[in-house]
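Asker: One structure is given below, represented as structure tokens, and several questions about it will come after.
The values are calculated or read from the model by the stated rules, or taken from the named source; none is laboratory data. Worth saying up front: this structure is predicted, and the values here are computed from it rather than measured. With ideal geometry, Cβ positions are generated from the backbone for all residues, glycine too; neighbour counts draw on all protein chains shown. The protein model used for the area step is the full one, side chains on, heavy atoms only, and it has no ligands, DNA or RNA in it. Shrake-Rupley method; radii C 1.70, N 1.55, O 1.52, S 1.80 Å.
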Amino acid sequence: MAADVDLAETNDLRRAMARSAWRSRYTFLKRLLSHRSFLIGAVLFLFIVLVAVLADLIAPYDPNKNDYRNLLAPPSALHWFGTDGFGRDILSRVMHGTRISLGIGLSVVVMTGLLGVLLGTLAGYVRWLDNILMRIMDGLMAFPGVLLAIALSAALGPSILNAVIALTVTFTPRTARVVRASVLVIRELPYVEAAVAIGAGNLRIIFRYILANALSPLIVQLTFVFAVSILAEAILSFLGVGPRPPAPSLGNIIAEGRNYLQDASWIALFPGMAIACAVLGLNLMGDGLRDVIDPRLSKVRDAG
Amino acid sequence: MAKKWKFGTTARHIGASLLLASVALGAPYASAQTRGGSITVAQSSNPPSLDAMVTSSQASRNITMNIYETLYGFDDKIQPAPILAESVEVSADGLSYAFKLRQGVKFHNGKEMTSADVKASLDRYKKVGATQTMLEPVTEIEATGPYEVTLKLKSKAPTFLEAFASPRAPAVIIPAEEASKPANEISFIGTGPFKFVEYVPDSHVKLERFEDYSANEAFQSMDGFGGKKTAYLDTVTFRVIPEPGAAVAALESGEVQLLEQIPVPTARRLSSNDDIKIYENMPWAVLTFIFNMKEAPGNNLKFREAVQAALNNEEVMAIATEGLFQLYHGWMYEGSTYDAGDVGAQSYNVADPEKAKALLKEANYNNEPFSILTDSTIPEHGKAAVVIAEQLKAVGINAVINQTDWPTALKIRLQDTGWNGWTLMMGIEPYLGPAALVSTLTGAAPHFRANDPELDKLYQELISTDSVEGRKAVFAKIQERLYQFVGIIKLGETGLMQASRANVQGFKPFRFPRMYDVWLEGQ
Amino acid sequence: MTRFIAGRLISALPVLFVVSLVSFLLIAVVPGDVTAEIAGADSTEAQRQLIREQLGLDRPLPEQAVRWYANLLQGDLGQSYLLNRPVTEAVFERLPVTLSLAGIALVLAVAIGMLLGILAAVRHNSWVDQGSMSVALLGLSVPDFWLGLIFITVFAVGLGWFPTGGYVPIAESFTGWVVSMTLPALALAFTQVGVVARMTRSSMLDVLGQDFIRTARAKGMRGYTVILKHALLNAMVPVVTVVGVMTGVLLGGAVVIESVFSLPGVGRLIIGAIQRRDYPIIQGGLLITAAIFVFVNILVDLAYGWLDPRVRHGR
């Protein structure tokens, strides 16, 4: 009989949780949309996304069309951002470049998210795996900055796929740690313990309770992974271990422009600004998300 | 007739800068040569080695040719001339070369060069030299006197002395005790006008004047790789600056006095700057496109002809060289000894997409990928590949670019599979002459992988023909053959722009920056 | 404290093992041929095979690994193929460049970042606050190598205030060293200024809102005394924690900045080695850089434990 009471109680609890989840989701969105820097970031980022998606339609030229009678032409009415050493239109290349950069960034986010969740949950949930996995993650994180990504990308050979792999390996450990940290906290919460007590399956517990609740910090983390991936992709391309030319990735365009800093500074200037806009947008959005999700920081914002 | 392409304002700018350079060079020197002062030369990459024998890298040669000397080397007319040797006596049967050495020549360690050093150096070259074919006909190296060394050949080789004088990976003379050391483990001791001080990789190589340098008084002035050399500068520092922009800025600010290479657009801009002198080497190198004839679709002659017909060489060269190029079909430079005239001209720079498409049909080409191997290290390679790929796509060839770094590209192109086309700039070979050029296309590992028996036969004929006239005739046949089987396509000729501060006097552009006979005005 | 230090050192061992393993395996799969670079483009296969044998490249992978680890335990990271000298020597020779670059950048980032953060917190919600935070955000969003290129274009080429690149050792000329390091260190530091500024601002706001500061203010202590005496010291603690992470980012960033400013540091050594297939240098360079990073993190932990005893005893 006692078990029935427990069950009834947990059902109540579950319904209450569902209600509060909806309510909190609603207030969450409302707070997010009234958060100024999130809004600015979202507008900025959506603009870049729009350019990337519509590149084929709005780019004035074919980004790979050579024109040897128009080498290194400065910005003009015909070529708003000027042309490069092949006579290619920089504006069109930057537009298509944002598509490559965002594509790589998004792929890294998805792969990092999946791997991070998998490894983080395993580490947080399966105790004997925790130590091994986390030591491996620590080892990978011990390579400073993007050094590991550079070495990996060079080892695998320059291509878009390899850049995604290299960046995923580099950014997964930190994401896994974030997920693991949430899992460790959440699994001790009363309602999860209750779920365990009523005999819910491990998978069910993981998906229904733990992951659903680890989602917020994960989303914040992945927003920053997105931003850092765009920056890191530019570094890989710049060092010649990113997508192969003539692919108009933003890093490639800057790398091509580095030889003409004095004679045609526009080549390196505009793609750099495009990167900065995309990353700034993401950072602002990430900040907003964190502010809204993390009440401690919000309190700090209001203090003083 | 070579077509020198000049377009728009660009051409006028280059023309002006050339005029400027030639005035600077041709005018009698306003100031007398003065000793002292230091020069920093910027180049884009590290020398892979300063052991001159073991590498054919330009980055090494730039430096080592100021440190070391060879027995024979090319003069300004690209004829072999004695440097450390006084003369050579060739036996009537052509099987023995007796080199008389100059006496009293000092190494940087203070010891005098004798036949023992020469024998030891040449023995070492046979083991570690990068152009070993050079000494391949030699069976015996003998010190036949304190100042005489005799080489015995297994068979007559009319072009032996030319090959021996090659600066590609020069057969330099080093002290006998150094010559016993393995590749890359010697101390850098030579007989040249400058001696080695230090090498900090990724930073610089520093040289200083060798006070006891034994100038070759048989000459009036420097001449090609030899002649009478005089070092005026106290020190010469070769700084490694990989970023062309940074190197140019360093020249403009006066941190660096000489740039080994300067981008063409920058040369255009700087031509109006009174503080800077611009130098042009034209022609400097030949840009080529090489097929892998062992793998489809490049194994099909009709396909290769289609590519040749599709190419718009003008567009490729204009972009790859940033406008500094000439179009000429001949594999030897126009007007040079071995220039074969009109042979092959009708197949060069065709740029006929319809013809290319028809040939593709004949070749039964069905959209197999055509992978163009290239590298990012040498900008001309990568740019040419990009333009070629676009042109081939336009006629329906499924061209893809495989851009790696230089060492990787070098490895891949040695394989029979994994690549279909390859862009290569040949700097030194067209300069050295027909034998040097054709030797890369024949023998055990021809650039295009599969041997062409006809070409191999012609090469043997070339190197065994005694007279220059005879060799010219053979080379005309070689050029015809090259255009017939299309294993390699000549894209065009490119130049090299160099620049210095205006106070640098006496610098004459050459295959390497000769830092002797250069002095600083107002020093 | 000793137990704490020992614990941190021991926990670093598995990390270092993973690092060394990754370094080795990574390089084992690198395609390309070092022998082509040594012998020249026109060398024959036989010559290359000879070099391969001399260098042990023809041996099976496990054998190469065993040899590598055996040498590693004796502090021997092997011989560079192309520089003809021990890897440790080549790397350590270049460490001063990389460490001074990262070090100066760290100092700059902390100094500028804390200044911005303090200003923003003190003038909370004013234009100073917004301006500082905008600069901070911009720093986080701009690619550092691109900023380096812009710096070169503006300050070296345009204005001629600084050299465009190159390194002057501190032993040769102190002023020369400072001048040669300014632009690269600034470009590198700018990305991290934002991190420090935001961190400082939020912890300052936290501290400024606490009772003892309010009390101090109420007692009539003047604004800046309060800030300096109490708030700053307390705000520094969280900044110390990010120093570890920042060191990693800066060491990694130095790789690109060194190549933009032609500085002969470890980063450029590694990049060059990747291009030239100089396996031992890549392995050793990665390993030593990572080891330094791990070591710095231990130091940071110790400093943190010293600043905040709760951490020390909590573990």
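Asker: Within the range B:302-331, which residues are assigned to a loop (DSSP other than H, G, I, E, B) and either acidic (Asp, Glu) or more than 18 Å from B:Gln346 (Cβ to Cβ) (or both)?
Answerer: B:Thr321, B:Glu322, B:Gly323, B:Leu324, listed by residue number.
Asker: Only residues that are modelled with pLDDT under 90 and aromatic (Phe, Trp, Tyr): list them for the range B:357-414, please.
Answerer: B:Trp406 - this is the single residue of the range B:357-414 that is modelled with pLDDT under 90 and aromatic (Phe, Trp, Tyr).
Asker: Does the range C:138-148 hold any residues that are of a type outside the set (Val, Ile, Thr) and in contact with a helix residue (DSSP H, G or I) (Cβ under 6 Å, 6 or more places away or on another chain), and which are they? Write out each step before concluding.
Answerer: Keep residues of the range C:138-148 that are of a type outside the set (Val, Ile, Thr), which gives C:138-141, C:143-148.
Within the range C:138-148, C:Gly139, C:Leu140, C:Ser141, C:Pro143, C:Asp144, C:Phe145, C:Trp146, C:Leu147, C:Gly148 meet the criteria.
Asker: Where residues in the range B:391-426 are more than 18 Å from B:Leu441 (Cβ to Cβ) and assigned to a loop (DSSP other than H, G, I, E, B), which of them is most open to solvent (accessible area, probe 1.4 Å)?
Answerer: Taking the candidates together, the pick is B:Thr417.
Asker: If you scan the range B:248-263, which residues turn out to be surrounded by fewer than 24 Cβ atoms within 10 Å (Cβ to Cβ), in a loop (DSSP other than H, G, I, E, B) and within 11 Å of chain C (Cβ to nearest Cβ)?
Answerer: B:Gly254, B:Glu255
Asker: Could you say which residue among B:Ile262, B:Ile241, B:Ile276 is of a type in the set (A, V, I, L, M, F, W, C), at pLDDT below 90 and under 30 Å from B:Pro201 (Cβ atoms)? Lay out the reasoning, then the answer.
Answerer: Details: B:Ile262 fails: at pLDDT below 90; B:Ile276 fails: at pLDDT below 90.
Criteria check complete, one pass: B:Ile241.
Asker: For the range C:87-106, indicate whether the set of residues that are open to solvent by 60 Å² or more (accessible area, probe 1.4 Å), outside the structural domain of C:Gly176 (by TED's automatic domain parsing) and within 10 Å of C:Ile281 (Cα to Cα) is non-empty.
Answerer: Looking for residues that are open to solvent by 60 Å² or more (accessible area, probe 1.4 Å), outside the structural domain of C:Gly176 (by TED's automatic domain parsing) and within 10 Å of C:Ile281 (Cα to Cα), one finds none in the range C:87-106, hence no.
Asker: Identify all residues within the range B:367-381 that are open to solvent by 10 Å² or more (accessible area, probe 1.4 Å) and either more than 9 Å from chain A (Cβ to nearest Cβ) or in a helix (DSSP H, G or I) (or both); write none if there are none.
Answerer: Within the range B:367-381, the subset open to solvent by 10 Å² or more (accessible area, probe 1.4 Å) is B:367-369, B:371, B:376-380.
Within the range B:367-381, B:Asn367, B:Glu368, B:Pro369, B:Ser371, B:Ile378, B:Pro379, B:Glu380 qualify.
Asker: If you don't mind, there's one more thing I want to ask. In the range A:222-258, what residues are of a type in the set (S, T, N, Q) and either surrounded by fewer than 24 Cβ atoms within 10 Å (Cβ to Cβ) or in contact with a strand residue (DSSP E or B) (Cβ under 6 Å, 6 or more places away or on another chain) (or both)? Spell out the reasoning first.
Answerer: Initial filter on the range A:222-258 (of a type in the set (S, T, N, Q)): A:223, A:229, A:237, A:249, A:252.
Passing the criteria: only A:Thr223.
Asker: Right, another one. Looking at B:Ala179, B:Ala163, B:Ala171 in this structure, which one is under 15 Å from B:Leu84 (Cα atoms), of a type in the set (Gly, Ala, Ser) and either out of contact with any Leu (no Cβ under 8 Å at 6 or more places or on another chain) or buried (at least 18 other Cβ atoms within 10 Å of the Cβ) (or both)?
Answerer: Details: B:Ala179 fails: under 15 Å from B:Leu84 (Cα atoms); B:Ala163 fails: under 15 Å from B:Leu84 (Cα atoms).
From the options B:Ala179, B:Ala163, B:Ala171, the qualifying one is B:Ala171.
Quick grid of which residues meet (1) open to solvent by 10 Å² or more (accessible area, probe 1.4 Å); (2) outside the structural domain of C:Ile150 (by TED's automatic domain parsing); (3) modelled with pLDDT under 85:
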residue	(1), (2), (3)
C:Gly194	no, no, no
C:Gly209	yes, no, yes
C:Ala218	yes, no, yes
C:Val226	no, no, yes
C:His230	yes, no, yes
C:Val242	yes, no, yes
C:Val245	yes, no, yes
C:Ala254	no, no, no
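Asker: Right, here's the next one. Restricting the first residue to the range B:340-359 and requiring it to be more than 16 Å from B:Leu392 (Cα to Cα), which pairs with a second residue that is open to solvent by 60 Å² or more (accessible area, probe 1.4 Å) and not basic (Lys, Arg) meet a Cβ separation below 7 Å and a spacing of at least six or different chains?
Answerer: Close Cβ pairs (under 7 Å, with a partner that is open to solvent by 60 Å² or more (accessible area, probe 1.4 Å) and not basic (Lys, Arg)) amount to B:Val343/B:Glu480; B:Gly344/B:Glu480.
Asker: Here is a follow-up. Within the range C:266-287, is there a residue that is away from chain A (no Cβ under 11 Å) and not in a helix (DSSP H, G or I)?
Answerer: Yes, the range C:266-287 has at least one match.
Asker: Name the residues in the range B:213-247 that are within 14 Å of chain A (Cβ to nearest Cβ), outside any loop (DSSP other than H, G, I, E, B) and touching a residue at least 24 places away in the same chain (Cβ under 8 Å), would you?
Answerer: First, pick out the residues of the range B:213-247 that are within 14 Å of chain A (Cβ to nearest Cβ): B:241-247.
Checking the rest, the ones that are also outside any loop (DSSP other than H, G, I, E, B) come to B:244-247.
Across the range B:213-247, the qualifying residues are B:Pro244, B:Ala247.
Asker: Now for a different question. Which of the numbered conditions does A:Ser265 fail, given that it passes all the others? Conditions: (1) at pLDDT below 90; (2) buried (at least 22 other Cβ atoms within 10 Å of the Cβ).
Answerer: Condition (2) is where A:Ser265 drops out.
Asker: Additional query: Do we find that A:Gly145 is outside any helix (DSSP H, G or I) and within 14 Å of chain C (Cβ to nearest Cβ) in this structure? Outline the logic, then answer.
Answerer: Details: outside any helix (DSSP H, G or I): yes; within 14 Å of chain C (Cβ to nearest Cβ): yes.
Spelling it out, A:Gly145 is indeed outside any helix (DSSP H, G or I) and within 14 Å of chain C (Cβ to nearest Cβ).
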